[in-house]
């Protein structure tokens, strides 16, 4: 699956490369449309309507202080405040198949038995 990183911050791109979640070939986009993210693994923060178009969205949570806000941070500061990347799958209300596939993948990775959390959502 193809990846794209969505950010306007060059230090975040450098940090994502440093920790190995993207490489030099990963496209970097400052602004995106649904077409830009549809079916892709996205690194960055997206509004929910765009996140639902992506295959997954991985954020690098930052413990920003009030002093950090509104200014460009360097990679040294990002190393200090970055948390573990977290990946999300966002489903539209009627898109139960995507959610089911994501839960199946998570359960398989965790070695857990398959329990279908979407049984109630299947159309009759």
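The values are calculated or read from the model by the stated rules, or taken from the named source; none is laboratory data. This is a predicted model, so every value here is computed, not measured. For neighbour counting, all protein chains shown are included, and Cβ atoms are generated from backbone atoms with ideal geometry for every residue, glycine included.
Laid out as a table, the results:
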| read-out | value |
| --- | --- |
| Subset of region 1-18 that is within 15 Å of the chain's Cα centre (by Cα) and surrounded by fewer than 13 Cβ atoms within 10 Å (Cβ to Cβ) - its residue that is modelled with the lowest pLDDT | 1 |
| Pairs where the first residue, in region 65-76, is in contact (Cβ under 8 Å) with a residue 12 or more places away in the chain and the second is loosely packed, with under 10 Cβ neighbours inside 10 Å and in a loop (DSSP other than H, G, I, E, B), C-beta under 8 Å, 6+ apart | none |
| Some residue of region 100-111 being outside the structural domain of residue 43 (by TED's automatic domain parsing), modelled with pLDDT under 85 and not in a helix (DSSP H, G or I) | yes |
| Members of region 63-95 found to be over 16 Å from residue 1 (Cβ atoms), within 19 Å of the chain's Cα centre (by Cα) and crowded, with 17+ Cβ neighbours inside 10 Å, listed by number | 78, 82, 91 |
| Test set (1) in a loop (DSSP other than H, G, I, E, B); (2) touching a residue at least 24 places away in the same chain (Cβ under 8 Å) - residue 15 fails condition number | (1) |
| Residue that is farthest from residue 17 (Cα to Cα), among those in region 64-85 that are part of a loop (DSSP other than H, G, I, E, B) and touching a helix residue (DSSP H, G or I) at 6+ places or on another chain (Cβ under 9 Å) | 65 |
| Selected residue (criterion: nearest to residue 13 (Cα to Cα)) from residues of region 23-46 that are within 11 Å of the chain's Cα centre (by Cα) and in a loop (DSSP other than H, G, I, E, B) | 45 |
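Listed here are the residues, each with its yes/no results for (1) within 26 Å of residue 103 (Cβ to Cβ); (2) modelled with pLDDT under 95.
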site: 22; (1), (2): yes, no
site: 25; (1), (2): no, no
site: 34; (1), (2): yes, no
site: 52; (1), (2): yes, yes
site: 63; (1), (2): no, no
site: 86; (1), (2): yes, yes
